[in-house]
Every structure is written in structure tokens, then in C-alpha cells.
Amino acid sequence: MRVGITGHRGLDQDVERQVRGLLDDAVREWEPAELVVSCIADGPDSWFAEAVLKHGGRLEVVVPAREYRSGLPSWHHPTYDALLRQAVDVHETGLTTSDSAAHMAGSEILVGLVDQLLAVWDGKPARSHGGTADVVAYAERTGTPVQVVWPQGATRG
């Protein structure tokens with residue numbers, strides 16, 4: 001089974017700790033050889049990719065735009081680079097500018113590659129086009145099953 005990941009970035013440390021635990025639990029639901037598809041942004045995208053690789057799974061990466069890496073926080077670049085090197089395949093949108101349209105295009109490719117989408121989502125509307133809620137809505141429109149993971153009582157800033 002191929003599992004995609006989407007989720008909120010910029011979570012506080014307490015919510016991050018809880019989400020990481022929930023993602024580790026989710027990984028245990030699948031065989032170790034399962035494949036995760038991720039855009040490997042900071043936050044749940046990378047946390048889930050790391051958990052899958054730690055348990056012997058494989059990683060495919062979707063790069064939304066040629067300038068995507070430079071739009072991520074500089075502190076995340078080493079993690080992004082390490083995960084990208086471990087990818088068994090890399091998919092690109094062909095877009096250059098890393099903006100919300102490119103992020104949504106990357107997410108649409110991701111959803112098209114997977115059997116199930118795991119969403120670290122608080123259930124609220126997206127703050128901008130291409131946010132987690134938009135990715136969940138796209139997956140639901142295309143018939144891709146979505147499993148929402150969110151710590152009970154948690155909020156995002």
C-alpha cells in the first residue's frame with residue numbers, strides 16, 4: 001500500500017510531540033515495506049517519512065517546484081536533503097515558483113500516487129490555497145481514502 005502524508009506545519013513543541021507519537025502508531029499499522037509519498041516539508045511530511053524509513057519502509061518524494069527547497073525554513077534543509085537522498089523515486093510538477101498553486105499541484109500528484117492519505121489536520125479550513133484542508137478535500141473528491149490524525153484537544157497557533 002502507498003500512503004501519502006499531508007499536514008499542518010508550524011506546530012508547537014507539545015503538539016509536535018503528540019503528532020510524532022500518532023504518526024509512529026500509524027506506521028505500525030502497515031507492513032515495514034510499505035511506501036510513503038511525501039513532499040517532505042518541515043513538520044508532519046518529514047516526521048512521517050522519517051518514521052516510515054526508521055521502520056524499514058520506502059519513500060517517494062513529490063517536489064512541488066524547483067524553488068521549493070529554498071522556500072522551506074533554512075533549519076529544515078539538512079533534513080529535506082537527507083530525505084530526498086533516501087527517496088526511491090522523485091516526482092516533479094515542472095513548476096518553478098514555490099507558491100500555493102505549486103504546493104497544491106504537488107499535493108494533487110501525491111494524492112494520485114497513493115492508496116490512502118494520512119492527514120495531520122485539525123479539521124478547520126485551509127489558511128491559504130493548497131493547505132491541508134484543500135488536500136483532504138481533493139483526496140475525497142477523487143475517491144482516495146483519508147485517515148485524519150490529530151491529537152485530542154490540540155490546537156495550532
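The values are calculated or read from the model by the stated rules, or taken from the named source; none is laboratory data. No experiment lies behind these values; they were computed from the predicted model shown. Positions of Cβ are generated from backbone atoms using ideal geometry, with glycine treated the same way; all protein chains shown enter the neighbour counts. Side chains are part of the model used for accessible areas, which takes the heavy atoms of the whole protein and leaves out ligands, DNA and RNA. Shrake-Rupley method; radii C 1.70, N 1.55, O 1.52, S 1.80 Å.
Summary table below
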item: Lone qualifier among ALA105, ALA49, ALA41, ALA26 - being closer than 27 Å to THR142 by Cα and out of contact with any helix residue (DSSP H, G or I) (no Cβ under 9 Å at 6 or more places or on another chain); result: ALA105
item: Members of segment 57-78 found to be farther than 20 Å from GLY94 by Cα, at pLDDT 95 or above and in a loop (DSSP other than H, G, I, E, B), listed by number; result: PRO73
item: Matching option when the condition is of a type outside the set (Lys, Arg), more than 18 Å from LEU118 (Cβ to Cβ), open to solvent by 30 Å² or more (accessible area, probe 1.4 Å) and part of a helix (DSSP H, G or I), among ASP24, ASP81; result: ASP81
item: Failed item, numbered, when ALA82 is tested on (1) modelled with pLDDT under 95; (2) among the hydrophobic types (A, V, I, L, M, F, W, C); (3) more than 13 Å from the chain's Cα centre (by Cα); result: (1)
item: Answer from VAL27, VAL63, VAL52 - the residue that is under 11 Å from VAL3 (Cβ atoms), of a type in the set (A, V, I, L, M) and touching a Gly at 6+ places or on another chain (Cβ under 9 Å); result: VAL27
item: Residue check for ALA102: under 22 Å from GLY10 (Cα atoms) and at pLDDT 95 or above; result: yes
item: Residue match in segment 37-49 (condition: crowded, with 17+ Cβ neighbours inside 10 Å, over 11 Å from the mean Cα position of the chain (by Cα) and on the phi < 0 side of the Ramachandran plot); result: no
item: Filtered residue count, segment 84-108, keeping only those that are closer than 24 Å to GLU29 by Cβ, hydrophobic (A, V, I, L, M, F, W, C) and buried (at least 18 other Cβ atoms within 10 Å of the Cβ); result: 1
item: Members of segment 118-157 that are in a helix (DSSP H, G or I), within 19 Å of GLY43 (Cβ to Cβ) and open to solvent by less than 40 Å² (accessible area, probe 1.4 Å); result: THR132, ALA133, VAL135, VAL136, ALA139
item: Check on ASP115, open to solvent by 50 Å² or more (accessible area, probe 1.4 Å) and more than 15 Å from the chain's Cα centre (by Cα); result: no
item: Residue list for segment 27-45, filter: in a loop (DSSP other than H, G, I, E, B) and among the β-branched types (Val, Ile, Thr); result: ILE40
